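What follows is one structure encoded as C-alpha cells, with my remarks underneath.
The values are calculated or read from the model by the stated rules, or taken from the named source; none is laboratory data. Since the structure is predicted, the reported quantities are computational estimates derived from the model, not experimental observations. Glycine also receives a Cβ, built like all others from the backbone with ideal geometry; neighbour counts cover every protein chain displayed. Each accessible area value is taken on the protein alone, full model and side chains, heavy atoms only, with ligands, DNA and RNA left out. Shrake-Rupley method; radii C 1.70, N 1.55, O 1.52, S 1.80 Å.
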Amino acid sequence: MDSFPQYKPLTSKIPLLNKNYHVLLSFRGEEVKKTLVDHMLESLNAIGIRVHNNKLKRDDIDDALKEAIENSDINIPIFSRSYARSSWCLQEVTRMWKSKVLIIPLFYDVQPFQVRVAESESQASRHGETLREHYPPEAMEEWKQVLHQVSNLPGWAFDSRSCFEGDLVKRIVCDVTNTFDKIPFHNVAKHPVQLEKKLQEVIRLLNLHNQADAVTVGIWGMGGCGKTTIAKAVYNHIFHCFDSCSFLPDVRNMSHKQFREQTIREVSASQRALVVLDNIDDSKQMELLIRANWGGRGSRMIVTTRDKHVLNLLHIDVIYKMEGLEYEEALRLFSWHAFLRPEPDKIYRQQSKRIVKACCGLPLAIEAAGDLLHDKKESLEYWREALRTPKSICHQKIYDVLKISYDNLTYQEKEIFVDIACIFRGKEIEQGIRYWKRLKWDAHTAITNLELKSLIMICDDDIFMMHSLLRDMGKAIRKKDNSSPFSFNRLPVLTLRFKLGAFKLCRNFCANKKLETTMVIESTRPAGRSKAITGCCFVSNEKLGLELQISV
C-alpha cells in the first residue's frame, strides 16, 4: 500500500444520539459482502453502533441516498476492485462528498492511487479505466473529481496477502467507538457470528412500540450457549430508548441486599427503565425487584438463566430459547478465532470441520477451540493430536462453565444426570425410570428439573438426549467418582448373589478388550456373609458401540 493518512479518532467527539444511524457502509458486490461487511455489521451492532443496512430503493435514488447519508454520522465507502463498476456506488460516494458528512474510506485490496482518477488517460488508474469503459463522458467528470478527493482522506487500508480481516475489523470498531462520545456499551464478543438474527428476534419479543405496558423477556439455555452475549447486544442496541438503564451481570453471585441496593440506585420506579438481570437462578431476587416497583410504564426487563423453572415461577411474559449455532455459522465462528478470517485455511479445512462438529454448535466451545489453536497454525501435527485427544480442545474453561449447573443439583439429580450421560443417552425414558425406581428415587421430578436446567433433552419419541459436551462432562464425573473398581455408592438394584471373583472377572474382561469403560456398579454385602455380594454391573463403551449389562 502506498502511504496515505491513516484515520485517527477526532479530538471533539460526536454525540452518540445525534442522528438516526451512526454508520453507513457503501460497498460493491459479493467480494466483501459475505466476509468483511457482514463481520463489520455484526461487530458494530453488538456494541450499540447502529449501522445503515444499505438497502435503498433504486427507483427513488436521490431522495433515498440523501436521507440515508445525511442521517448517518459516519460514512464508510469500501473501495474494492469492482467498486467503480457500480453507478450506484459512485452516486453514493458523490452524495457523501456533497453532504459534507464525515467520510472514512476503506481501501480493500486496492491502493489509494488506484482509486484516484487522473486527469490524463496516460496515467494508470484502475477505477479510471473502469469509468471510461462503462459510463458516458458527461457522467464521468464529477465522479472523477469525487474519487480523487475522497481517496486523499484519512482512512484504513487492507491487503489480504499480509493482513487478517479480523484485525482490520477490530481496528475499525475501535476507531469508530472512539469517534463517538460516551458509548455505555458492554463488550459482547470478539467475533460476533449469527448475532444480528438473534438480536432482532429478542428485540421483536420486547415489543418496544408498546409504551403502555412493562414487558419481561426471559432468555433460557445451557451454559456457554450465548445468553449473556445476546443480552449485552440487545442492551447496547436499545438502551438509548429508555430514561434509565441497569445491567446487572452474574446476578446469582449477588446477595439479596446487594441486588436490591444496586437496582434501586440505578432504576427509578417513575421512569421508563431497561433492566437486564444476567444469570439469575433465584426467583426471590426477581420478587424483590418487582416489589420495589422497578420501572414505570413502557419499561422492559431481560432475564437470562439456565433454569427455566425460575422463569415459570415468575410468570415471565415471553421465553426465548437459545439454540446452538448451525454448522456453517459454527465453522465461520471457529475460523474467525483460529484464522482471523471467515473461512479456514485450506490445509486445515478438514481438521477444522471435525473440531466444529465435536463442539456441537456451542459457541463457548467453538471460541475456546479456535483461540487454543490460533497460535498453533504452523503445526498440522498439533491439530491432529488435538483431534485424537478431545479433552485438549474442550478444556477446563468449558468444563467449569458447564459444571456450574451440575453443582446446583440435588444428590439424586446429579446421579441421574450422570447415569443418562453414561448409560441412558439415546434410550427410552421408561428404561431409565425402571432402573431408578428400584433405588426408590423420584425419577420423574429429577428428569423434569434436568430438562428445565437445559442439562438434558427429551425427544418427541421419549428418548433421552444430551449435548455431547455435557455427556463428556458426565462421563468425567463418573470416572472421578468411581476411580476405584470397588467404589460402591448405591443400594442394590437387583438381588442376585455372586462371589467376589465376579468383580475380578468383569475387570479382566474390560482389561483384555482394552476398553475405556464407564462402570456403574450396584452392590451390597448381606449380613453374615463374608464373600457374597448382590448386585449388577453396567459396562458402556460408546466409541466401540459396546453396551453390556452383566448380572451374575
Residues located in segment 65-108, provided they are open to solvent by 20 Å² or more (accessible area, probe 1.4 Å), more than 28 Å from SER160 (Cα to Cα) and among the small types (Gly, Ala, Ser):
SER99
Mind listing just one residue for me: the one in segment 343-366 that is part of a loop (DSSP other than H, G, I, E, B) and at pLDDT below 85 and, of those, farthest from LEU470 (Cα to Cα)?
ASP345
Kindly establish whether ILE49 is modelled with pLDDT of 80 or more and either of a type outside the set (Gly, Ala, Ser) or surrounded by fewer than 24 Cβ atoms within 10 Å (Cβ to Cβ) (or both).
yes
Working only within segment 424-434, note down all residues that are part of a helix (DSSP H, G or I) and either open to solvent by 10 Å² or more (accessible area, probe 1.4 Å) or out of contact with any strand residue (DSSP E or B) (no Cβ under 9 Å at 6 or more places or on another chain) (or both).
ILE429, GLU430, GLN431, ILE433, ARG434
Report yes if SER160 is at pLDDT 80 or above, of a type in the set (Gly, Ala, Ser) and closer than 13 Å to ARG341 by Cβ, otherwise no.
yes
Could you please give the count of residues in segment 22-40 that are more than 19 Å from the chain's Cα centre (by Cα) and at pLDDT below 85?
6
Every residue from segment 453-466 that is within 14 Å of THR410 (Cα to Cα) and hydrophobic (A, V, I, L, M, F, W, C)
LEU455
Restricting to segment 454-473, give me the number of residues that are in contact with a strand residue (DSSP E or B) (Cβ under 9 Å, 6 or more places away or on another chain), under 13 Å from ILE420 (Cβ atoms) and surrounded by 19 or more Cβ atoms within 10 Å (Cβ to Cβ).
4
Could you tell me whether any residue of segment 164-179 is at pLDDT 80 or above, hydrophobic (A, V, I, L, M, F, W, C) and surrounded by fewer than 16 Cβ atoms within 10 Å (Cβ to Cβ)?
yes
Can you confirm whether SER120 is modelled with pLDDT of 75 or more and small (Gly, Ala, Ser)?
no
Please work out which one of (1) open to solvent by 10 Å² or more (accessible area, probe 1.4 Å); (2) in a helix (DSSP H, G or I); (3) at pLDDT 85 or above is the condition ASP419 fails and give its number.
(1)
Six or more apart or on different chains, Cβ under 7 Å: which pairs go from a residue in segment 398-414 that's open to solvent by less than 20 Å² (accessible area, probe 1.4 Å) to one that's of a type in the set (S, T, N, Q) and part of a helix (DSSP H, G or I)? Could you list them?
GLU413/ASN449
Taking TRP441 as the residue in question, decide whether it is more than 27 Å from PRO363 (Cβ to Cβ), open to solvent by 20 Å² or more (accessible area, probe 1.4 Å) and either at pLDDT below 85 or in contact with a helix residue (DSSP H, G or I) (Cβ under 8 Å, 6 or more places away or on another chain) (or both).
yes
